[in-house]
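Peer 1: The structure that follows is given in the form of structure tokens.
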Amino acid sequence: MTNCKTALILITILFGSFQYSFGQLRNLNGKKLTSIEIDKFIVHQMDSLQMPGLSVVLINKGKIAYHNAFGVANIDSKEIVNEQSIFEAASLSKPAFAYFVLKMVDKGVLNLDTPLYRYMPYPDIERDERYKSITARMVLSHQSGFPNWRNNQEQADSILHIRKGDLYLKFAPGTNFSYSGEGYFYLAKVIAHLNNRTLKNLDTLFQQEVAVPLKMQHAAYTGNSYIFLHKVTGHRNGKVSLSKMDSTFFNLTASFNSAASLHTDATSYAHFLIGLMNGKGLSKKSLDEMLKPQVNLEGTGKMDAESGIIAWGLGIAIRKTPWGLMYEHGGNNGNFQSMCIFSKVNKNGYLFFTNCDKGNAFDKVFMKFLSGGKL
């Protein structure tokens, strides 16, 4: 990034954006931090990684302790990222949807262990009778057997004669782990059906059951005027990149995609995490189910060995760290990347949204910074 672009980020921090912190900031090890230290680190990393925009929140003791926005919403227009900026949450959609499902469980709308086909058969996979054993628990813990997305390059065994684009099962449901957005998509259809809705209007129920009670002021799976007005632009390889949310399957205006279509700002999502930390809105039983290991991944090679992920709960990964178990989820829509991580014990954590393909690289150094490690 040129010196001119670095200067633009600094100007954004000083004049065009906002920043706040409450009380004493601390890193994940409990060491004191200052907002100046955090800002300086982030600006340096944005410069190094050539990131256009970023919105970051630190949570200490169950409260938002720091929030700042950096950079630009669009590298061509130079519009500045600010408090109102909306990002694609990508797969951070999944934990919020899992919470939504557990609200339905608490209300008696569905049971975690009742096969979903009993609520609503799924024609897309009915040729394979094994799908009739898939439950909400399996979907939320990625044990459904579905591929991530049917249209990806990942394909079934050619012996099965599965046509490209057809939904299929990689293994018998409940017998293995394989990260799947398709499972979440099916479960969203079931939730809509049980509430006499469709994927076009399911978001209004999410607002009622999740967003409003948890003070997620701006968080939606389908489009509205505020989202469109404040959404930042995605970037890939240093250039403006149209979102795959514009494609038919991910059309923001038309369909609730529980796996990937949540659009929100950093403070709204932080309020969700804080609500989760405090168990707000869920029964103790449901909260315990969400945060307990549903499938053990330690030593299986199912996740990146460097990630430290040892298990998966309902809608969230469980990570072993030097300061205890933490819960996390990352998001990657290609031109938008995101990350959240928190401790239920001390109620500390962080989250960020970025409008480019450098979020994963940023998370590695940011985690190291917040754990007191040397770069």
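The values are calculated or read from the model by the stated rules, or taken from the named source; none is laboratory data. Treat the numbers as computed from the prediction; the structure is a model and nothing was measured. A quick note on method: Cβ atoms are made from the backbone with ideal geometry, for glycine too, and the neighbour counts reach across all protein chains shown. Protein only, heavy atoms only, side chains kept; ligands, DNA and RNA dropped before computing areas. Shrake-Rupley method; radii C 1.70, N 1.55, O 1.52, S 1.80 Å.
Peer 1: Using a 10 Å cut-off on Cβ atoms, rank the peptides 351-364, 213-226 from the highest mean neighbour count down.
Peer 2: Details: 351-364: 22.9, 213-226: 18.3.
Ranking, from highest mean packing down: 351-364, 213-226.
Peer 1: Over all distinct Cα pairs, what is the inverse of the mean 1/r for the chain, reported as the Kirkwood hydrodynamic radius in Å?
Peer 2: Working: mean 1/r = 0.0475 Å⁻¹.
About 21.1 Å for the chain.
Peer 1: In nm, give the distance between the simple-model label positions of residue 127 and residue 204, each being 7 Å from the Cα along the Cα-to-Cβ direction.
Peer 2: Once both label points are built, they end up 3.7 nm from each other.
Peer 1: Still on this model: Debye calculation, C-alpha points only, no solvent: report log10 I(q)/I(0) for segment 259-375 at q = 0.16, 0.19, 0.23 Å⁻¹, in the same order as the q values.
Peer 2: Treating every Cα as an identical point scatterer, log10 I(q)/I(0) equals -0.83, -1.19, -1.59.
Peer 1: Work out the P(r) tail for segment 25-117: percent of alpha carbon pairs separated by more than 17 Å, whole number.
Peer 2: For segment 25-117, the fraction of Cα-Cα distances above 17 Å is 67 percent.
Peer 1: Rounding to the nearest 20 debye, state how big the charge dipole of segment 271-375 is about its Cα centre with +1 on each Lys and Arg Cβ and -1 on each Asp and Glu Cβ.
Peer 2: 320 debye
Peer 1: Relative to the longest principal axis of the C-alpha atoms of the chain, give the angle of the C-alpha long axis of helix 181-194, reported between 0 and 90° and rounded to the nearest 10°.
Peer 2: Between the helix axis and the principal axis of the chain, the angle is about 70 degrees.
Peer 1: Right, something else. Nearest 10 degrees, 0 to 90: what angle lies between the long axis of helix 93-106 and the longest principal axis of the chain (Cα atoms)?
Peer 2: Tilt of helix 93-106: around 50 degrees.
Peer 1: What does the accessible area per residue of the chain come to in Å², with a 1.4 Å probe and no ligands, DNA or RNA counted?
Peer 2: Accessible area per residue, the chain: 43 Å².
Peer 1: Express the C-alpha Rg of segment 44-193 as a ratio against the empirical globular expectation 2.2 N^0.38 Å, rounded to two decimals.
Peer 2: Compared with the compact-globule rule of thumb, segment 44-193 sits at 1.36.
Peer 1: Right, another one. Give me the percent of the accessible area of the chain that comes from carbon and sulfur atoms, probe 1.4 Å, all protein chains in place. Please list the in-between numbers first.
Peer 2: Values: 8290 of 16040 Å².
Answer for the chain: carbon and sulfur cover 52 percent of the accessible area.
Peer 1: Let me ask something else. Under a crude label model (7 Å from the Cα following the beta-carbon direction), how far is residue 164 from residue 296 in nanometres?
Peer 2: 4.1 nm
Peer 1: State the extension gain, in nm to one decimal, for the chain segment bounded by residue 284 and residue 325, taking 0.36 nm per residue of separation less the distance between their alpha-carbons.
Peer 2: Once the chain is fully extended between residue 284 and residue 325, it gains 12.9 nm.
Peer 1: Which one, 185, 342, 70, has the greatest fluctuation when you compute a Gaussian network model over the chain with C-alpha springs under 10 angstrom?
Peer 2: 185
Peer 1: Go through 31/344; 32/78; 63/107; 132/284; 61/320 and tell me which ones have a Cα-Cα distance over 24 Å in this structure.
Peer 2: Result: 32/78; 63/107; 132/284 exceed 24 Å.
Peer 1: Could you please state, rounded to a whole Å, how far the C-alpha centre of segment 121-135 is from the C-alpha centre of segment 82-117?
Peer 2: Using only Cα atoms to place each centre, the spacing works out to 21 Å.
Peer 1: Apply the Karplus parameterisation 6.51 cos²θ - 1.76 cosθ + 1.60, with θ equal to phi minus 60°, to every residue of segment 336-350 and state each ³J(HN,Hα) to the nearest whole Hz, in sequence, with x for glycine and proline.
Peer 2: 9, 9, 7, 7, 9, 7, 7, 9, 6, 6, 9, 6, 10, x, 8
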